[in-house]
Amino acid sequence: MKRTLLALGAALCTIAAFAQPRLRADNIDEVIAAMTLEEKIQLLVGYDIGCTVVGTDTPLAGFRVPGAAGSTRPIARLGIPSAILADGPAGLRINPTREGSSQTYYCTGFPVGTVMASMWNPALVKELTTAMGQEVKEYGVDVLLAPGMNLHRNPLCGRNFEYFSEDPLLAGLTGAAYIDGIQSNGVGVSLKHFAANNQEISRWENDSRVNPRALRELYLKCFEIAVRDAAPWTIMSSYNRLNGPFTQQSHDLLTGVLRDEWGFKGIVMTDWGFKEGTVAAVHAGNDLMEPGSDYEAWRLREAVAAGTLAVEDIDRNVRNMLEFIVRTPVFKGFRHSDKPDLEGHAKLVREAAPEGMVLLENHGALPIQGVRKVALYGVGSYDFIAGGTGSGDVNKAYVASLKEGLESHGMVVDSELAAWYRDYIPYKKTWLRNKALGEGKYPPFRPIAPEMEIERNYLRKNAIENEIAIFTISRNAGEGNDRKAVDGDWSLTAQERQMMQDIADECHILGRKLIVVLNIGGVIETASWKHIPDAILLAWTPGQEGGNAVADILCGTAYPSGKLPMTFPNSYLSIPSSHNFPYLYEGPTGVAAAAVRNVGFTEYQEGIWVGYRYFGTAGVPVSYPFGYGLSYTSFEYSKPVVKVAKDGKVTATVTVRNSGETAGKEIVELYVSAPDGGLVKPSQELKAFAKTRELAPGETQTLTMSIDPYTLASFNETTSAWETAAGTYQARFGASSEDIRADVSFRLSKPFSWPVERLLIPQTPVEEITVTKSR
Ligand code: BGC
């Protein structure tokens with residue numbers, strides 16, 4: 001009997017193998033039924049270079065699109081093509097040249113994630129990523145591995161430039177707009193790195209230990225908004241562990257929260273690296289192992305044979321994979337041109353970048369008027385940084401320097417100074433590379449030359465011979481390393497500070513101005529020196545048109561309209577997470593000091609007290625608050641009106657008037673303070689925002705913002721429910737989190753509650769700090 005059954009089984013398998021439906025959007029069941037177990041396994045494991053080409057013994061030599069990060073495995077007999085996956089997020093990352101071809105394949109270097117969030121303008125973000133997505137499609141890529149969604153928990157996270165904000169609403173809405181733009185082209189995104197991936201130190205295995213409230217209100221909330229609003233095709237689980245298991249192996253995260261609660265319908269892929277536990281990943285709902293190895297396929301095969309992995313589990317993930325594949329351009333037979341509109345996109349980047357630049361100080365210095373001769377200081381003025389390093393870097397054709405930008409406006413850059421920098425920068429970069437090699441280290445991928453020393457006599461001569469001075473301060477960061485709370489990274493070097501002071505003194509004595517441009521990827525210390533220059537423009541790392549866009553603002557053909565998506569604190573140690581962000585314990589003595597605590601795990605002891613939620617509530621002064629940014633003009637807010645509908649939906653309107661003398665755009669931030677009595681809450685939280693169109697002097701615009709009761713909810717760990725209390729709320733309309741221009745109360749007559757399953761619970765509750773309201 002047994003033998004007959006076996007024979008029957010084998011015959012059915014053979015029939016399945018020979019039935020050859022071709023994949024269509026409407027025959028996925030039929031295709032799954034026709035697939036052999038081996039084919040199903042192949043589909044769940046990425047197709048990295050070196051993996052065996054399906055059905056042969058030949059290793060895959062390269063991707064269809066050279067420089068792509070990965071792909072899925074094709075199954076030719078069923079008409080299943082290989083989808084190509086490439087990085088993100090500041091543009092498409094592929095190789096710019098190809099062997100045997102004289103064509104170039106450059107991609108546009110777009111503003112990094114932090115710049116997009118500083119725009120507070122989802123419509124513009126969507127416009128930018130619609131252009132980015134065209135490059136993805138026209139270069140034959142199916143999924144862009146972006147956007148980076150993790151919250152800025154601590155300013156030293158080395159990948160913060162790829163991410164958006166310290167606030168989950170701003171991050172979530174910026175992310176949703178990003179996704180909409182890319183996917184409007186018929187290509188996919190991979191929202192990453194899911195979740196609580198807030199540091200690079202020990203990134204492969206660090207356990208982020210977070211209590212459920214902070215996790216849900218902050219670290220998951222940004223992903224939740226983007227998933228619910230924009231339905232990304234794919235999500236990338238992160239390298240780290242979250243409250244125990246690796247995120248890629250967390251059923252709570254990938255199935256309980258992501259699919260069952262949020263309704264995610266796409267595929268989950270791992271971040272790029274093999275981990276033990278492939279079978280656990282399949283069980284958790286991680287559909288695709290990237291970059292993929294034949295070894296992972298072997299493990300799945302063995303698990304099925306051993307009975308520890310059910311074919312039903314494999315089938316569920318295979319179905320997700322096929323539903324994904326049928327959406328891709330490669331499946332649809334799209335013939336890409338390899339000729340995206342790079343010129344048009346460069347123009348768009350130049351026009352958009354100023355919206356993400358933040359004017360921090362302006363004491364009558366900007367825009368520059370009536371002067372032409374510039375003493376241009378700072379290595380970054382000549383060697384401008386467009387974006388960060390690592391997988392988020394883009395192979396762009398050029399980066400416009402500030403020198404070029406200023407010259408395009410007819411400014412005359414001091415030629416002797418420019419010649420010194422021209423010789424110094426390449427020399428110093430080579431020296432840095434050689435030094436690293438000499439020490440047996442990897443040479444820095446994109447070194448920044450330390451600031452050039454210039455004698456005081458020359459500063460004086462330059463001040464006399466020129467009419468204005470500009471000094472660019474540069475910092476960069478990238479994947480794999482966190483930044484450090486030391487001079488030259490978090491704070492200025494003694495030399496930078498002294499040089500800034502000396503240039504300012506020499507200029508001021510002659511009645512000339514000094515403008516500082518910050519060409520940086522993340523927050524730095526500003527409190528101790530911000531009084532020195534006459535203006536500070538935070539340009540961030542705004543993409544390949546950086547120097548041009550900065551010059552447009554400085555010279556007044558564009559204006560800044562960005563606001564900070566994070567707080568600039570007075571000092572690093574005033575940030576609650578600085579006390580357990582790993583760097584602090586990794587001093588020069590290294591591992592011994594690191595062993596004190598926090599090795600292999602990070603306890604999010606600050607709980608919900610991240611960024612302005614902490615500083616604003618505790619009344620701790622900061623250098624520049626969340627949401628801050630000046631303009632070349634000024635704005636007045638009318639008395640706002642707030643209405644509450646029967647279903648609890650709040651609608652707020654406010655009219656903004658340009659009360660200054662030049663055109664500008666204003667961002668209105670709507671913070672809400674909850675009634676006392678329920679859960680302890682921050683003194684206020686951002687619940688909506690809106691940006692005006694360009695307003696001419698005297699012009700007005702009425703902005704409407706709405707908030708639904710779910711957006712007002714906090715997470716109650718005791719009841720495992722999102723809860724919005726009944727009572728009187730304050731709607732606070734701010735030009736920044738600390739510049740509240742109008743305040744209106746509204747009432748919710750009944751409470752709301754949304755219970756959820758108890759998931760992602762830390763093995764031991766994290767002991768959190770307590771914060772008491774200062775006001
Ligand atoms: C990064 C991801 C990236 C992937 C592919 C990983 O190391 O963490 O962000 O998408 O590599 O390049």
Test: residue 57 is open to solvent by 30 Å² or more (accessible area, probe 1.4 Å), part of a loop (DSSP other than H, G, I, E, B) and modelled with pLDDT of 90 or more = no
task = Would you mind stating whether residue 760 is at positive phi and either at pLDDT 95 or above or assigned to a strand (DSSP E or B) (or both)?
result = yes
query = Is one or more of the residues making up segment 377-391 within 16 Å of the ligand (Cβ to nearest atom), farther than 24 Å from residue 469 by Cα and not in a loop (DSSP other than H, G, I, E, B)?
reply = yes
Criterion: more than 30 Å from residue 271 (Cα to Cα) and part of a loop (DSSP other than H, G, I, E, B) - qualifying residue of 521, 511 = 511
inquiry  = So, residue 546, is that one under 26 Å from residue 482 (Cα atoms) and modelled with pLDDT of 95 or more or not?
reply    = yes
ask   = What pairs can you find where one residue is in segment 700-723 and of a type in the set (Asp, Glu), the other is assigned to a strand (DSSP E or B) and open to solvent by 60 Å² or more (accessible area, probe 1.4 Å), and their Cβ atoms are less than 7 Å apart, with a gap of 6+ or different chains?
value = 723/753
Residues that are over 22 Å from the mean Cα position of the chain (by Cα), surrounded by 15 or more Cβ atoms within 10 Å (Cβ to Cβ) and not basic (Lys, Arg), drawn from segment 474-501 = 488, 491, 492, 493, 495, 496, 499, 500
key: Hits in segment 276-325 - residues which are among the basic types (Lys, Arg) and closer than 22 Å to residue 188 by Cα   = 316, 319
request  = Looking only at segment 35-46, decide whether some residue is open to solvent by 80 Å² or more (accessible area, probe 1.4 Å) and either closer than 14 Å to residue 321 by Cβ or not charged (D, E, K, R) (or both).
outcome  = no
Exclusive hit being open to solvent by 90 Å² or more (accessible area, probe 1.4 Å) and hydroxyl-bearing (Ser, Thr, Tyr), set 724, 719, 728, 764 = 764
key: Residue that is touching a residue at least 60 places away in the same chain (Cβ under 8 Å), more than 16 Å from the ligand (Cβ to nearest atom), open to solvent by 30 Å² or more (accessible area, probe 1.4 Å) and more than 21 Å from residue 477 (Cβ to Cβ), where the choices are 345, 336   = 336
query = Mind checking which pairs have a first residue in segment 301-327 that is modelled with pLDDT of 95 or more and a second that is open to solvent by 50 Å² or more (accessible area, probe 1.4 Å) and hydroxyl-bearing (Ser, Thr, Tyr), Cβ under 9 Å, 6 or more apart or different chains?
reply = 302/308
task = Output the residue which, of all residues in segment 98-129 that are crowded, with 24+ Cβ neighbours inside 10 Å and more than 28 Å from residue 735 (Cα to Cα), is nearest to the ligand (Cβ to nearest atom).
result = 107
query = Is one or more of the residues making up segment 305-317 open to solvent by 30 Å² or more (accessible area, probe 1.4 Å) and in contact with a strand residue (DSSP E or B) (Cβ under 9 Å, 6 or more places away or on another chain)?
reply = no
note = For segment 54-97, the count of residues that are more than 16 Å from the ligand (Cβ to nearest atom) and either farther than 28 Å from residue 477 by Cα or under 20 Å from the mean Cα position of the chain (by Cα) (or both) equals 19
inquiry  = Would you confirm whether or not segment 535-556 contains a residue that is in a loop (DSSP other than H, G, I, E, B), farther than 16 Å from residue 403 by Cα and free of Cβ contacts under 8 Å to residues at least 40 places away in the same chain?
reply    = no
query = Inside segment 410-427, can you point out the residues that are surrounded by fewer than 17 Cβ atoms within 10 Å (Cβ to Cβ) and within 32 Å of the chain's Cα centre (by Cα)?
reply = 426
inquiry  = Looking only at segment 130-153, count every residue that is part of a helix (DSSP H, G or I) and either within 16 Å of the ligand (Cβ to nearest atom) or buried (at least 24 other Cβ atoms within 10 Å of the Cβ) (or both) and tell me the total.
reply    = 5
note = With the first residue restricted to segment 75-89 and required to be modelled with pLDDT under 95 and in a loop (DSSP other than H, G, I, E, B), and the second required to be among the small types (Gly, Ala, Ser) and within 12 Å of the ligand (Cβ to nearest atom), Cβ contacts under 8 Å at 6 or more apart or on different chains are 88/146; 88/148; 88/190; 88/391; 88/392
query = Quick check, is residue 394 touching a Cys at 6+ places or on another chain (Cβ under 6 Å) and either surrounded by 23 or more Cβ atoms within 10 Å (Cβ to Cβ) or not in a helix (DSSP H, G or I) (or both)?
reply = yes
task = Name every residue in segment 119-144 that is of a type in the set (A, V, I, L, M) and farther than 22 Å from residue 353 by Cα, in order of residue number.
result = 141, 143
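The values are calculated or read from the model by the stated rules, or taken from the named source; none is laboratory data. On a predicted model such as this, the values are computed, not experimentally measured, just so you know. Every residue, glycine among them, receives a Cβ derived from its backbone with ideal geometry; neighbour counts consider all protein chains shown. Ligands, DNA and RNA are stripped out before the accessible areas are found, and what is left, the full protein with its side chains, is counted by its heavy atoms. Shrake-Rupley method; radii C 1.70, N 1.55, O 1.52, S 1.80 Å.
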